[in-house]
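See structure below.
The values are calculated or read from the model by the stated rules, or taken from the named source; none is laboratory data. Here the structure is a predicted model, which is why all the values come from computation and not from measurement. Glycine also receives a Cβ, built like all others from the backbone with ideal geometry; neighbour counts cover every protein chain displayed. Calculation scope for accessible area: heavy atoms of the full protein, side chains included, ligands and nucleic acids excluded. Shrake-Rupley method; radii C 1.70, N 1.55, O 1.52, S 1.80 Å.
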Amino acid sequence: MASAKCIYDNLSNITDEGIEISEIYKLAADIIAREYKKYDISIKAGNIKRFFATGITPNGTVSYVKSLLQTMKKIYLINVPEGYSNTSFMNILLDGAVYRGFDVEAYYCPMDPKRKIEHLLIPEIGVAFTTTNKWHDLEPWEIYTGEEDRREITMIDINDYLSAYYAEKNAGILEKLSKLYSMMLNESISALSRAKENHDLVEKMYVRNMNFEKIDTLVEKTVDNIV
C-alpha cells in the first residue's frame, strides 16, 4: 500500500502540473457564484464533518457514494484524471460553504486521507460535489430513481482543463505509472484478503473460548458505573 501511495503521488505531481490552475479557480468561482450567491457570509462558520465514502478492502475497492446522493437536489459529477489531487478546487468549494455558515460533509480519498477530498456534501441546501474516476465511477443514470426524479445533475470534466500538449508529452509516463499503480493496489488488496483470512481464523479460536455471559455482565456493570 505504501508503494502504491508513492506511485499515486507521482501520478498526482505530473497530472497537477499540466492542469491550468487559473481555469480551475475560475470554474470554482463560477460554481460558488451560482450556488452560494444568495447566502451572506456568516458570523459563525459552519462545521466540517469528515468521513470516507470509498475504501480499499479485502474484497477490493468499494464505493458508497450513490447512497449519499439520495437526498441531494443538485449534484455535480466531476470526472477527474487518475491521480489528480483536486485539493484546491474542493477546498475552495468547502470554504465557500463553511464561511456562509453551512455544515458540510467532506469525504476523503483513502489513498490520500490527509488532504484529498473526493466528495463534498452540503445537506442544508441539498448540493453535492462528487468526483468520479476509474476507481469509483458513477453515471447519471445510476443516480436517478425514476421519471419523477427532479434532481439536477451537472457534468464537469477536469480533463478539459488539462493542457493537450502536456498530456501528449507525458502520456507515456502517465500510462506506465497508471499500470504500476493498478498492479500495486491489486497486490495490496490481495495482502488484505490474506490478512483477513488469518484474522477470521484467530477470531474463531477466540469465539469458542469466550464466556459471553460474563462479558455481558461486565458491560452492564460498566454502564451502571458510568450512568
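Does I173 fit the bill of being in contact (Cβ under 8 Å) with a residue 24 or more places away in the chain, more than 21 Å from K26 (Cα to Cα), touching a helix residue (DSSP H, G or I) at 6+ places or on another chain (Cβ under 7 Å) and β-branched (V, I, T)? If you could, list the steps in order and put the result at the bottom.
Working: in contact (Cβ under 8 Å) with a residue 24 or more places away in the chain: yes; more than 21 Å from K26 (Cα to Cα): yes; touching a helix residue (DSSP H, G or I) at 6+ places or on another chain (Cβ under 7 Å): yes; β-branched (V, I, T): yes.
In short, yes.
Condition test on L174, is it under 30 Å from M111 (Cα atoms), surrounded by 10 or more Cβ atoms within 10 Å (Cβ to Cβ), among the aliphatic types (A, V, I, L, M) and modelled with pLDDT of 90 or more?
On the way: under 30 Å from M111 (Cα atoms): yes; surrounded by 10 or more Cβ atoms within 10 Å (Cβ to Cβ): yes; among the aliphatic types (A, V, I, L, M): yes; modelled with pLDDT of 90 or more: yes.
Yes: the conditions hold for L174.
Scan region 51-64 for residues that are open to solvent by 20 Å² or more (accessible area, probe 1.4 Å) and either within 12 Å of N186 (Cβ to Cβ) or in contact (Cβ under 8 Å) with a residue 60 or more places away in the chain (or both) and jot them down. Steps first, answer last, please.
Step one: filter region 51-64 for residues open to solvent by 20 Å² or more (accessible area, probe 1.4 Å), giving 51-52, 56-59, 61-64.
Once the filter is applied, which keeps residues that are open to solvent by 20 Å² or more (accessible area, probe 1.4 Å) and either within 12 Å of N186 (Cβ to Cβ) or in contact (Cβ under 8 Å) with a residue 60 or more places away in the chain (or both), region 51-64 yields F52, I56, T57, P58, N59, T61, S63.
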Open item on the list: Among the numbered criteria (1) modelled with pLDDT of 95 or more; (2) within 12 Å of the chain's Cα centre (by Cα), which one does D103 miss?
Closed with: (2)
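Among the candidates N211, N186, N198, which residue alone is open to solvent by less than 100 Å² (accessible area, probe 1.4 Å) and within 30 Å of N13 (Cβ to Cβ)?
On the way: N211 fails: within 30 Å of N13 (Cβ to Cβ); N198 fails: within 30 Å of N13 (Cβ to Cβ).
N186 is the lone residue from the list that is open to solvent by less than 100 Å² (accessible area, probe 1.4 Å) and within 30 Å of N13 (Cβ to Cβ).
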Task: Test: I122 is over 19 Å from T57 (Cα atoms), at pLDDT 95 or above and β-branched (V, I, T) - done: yes
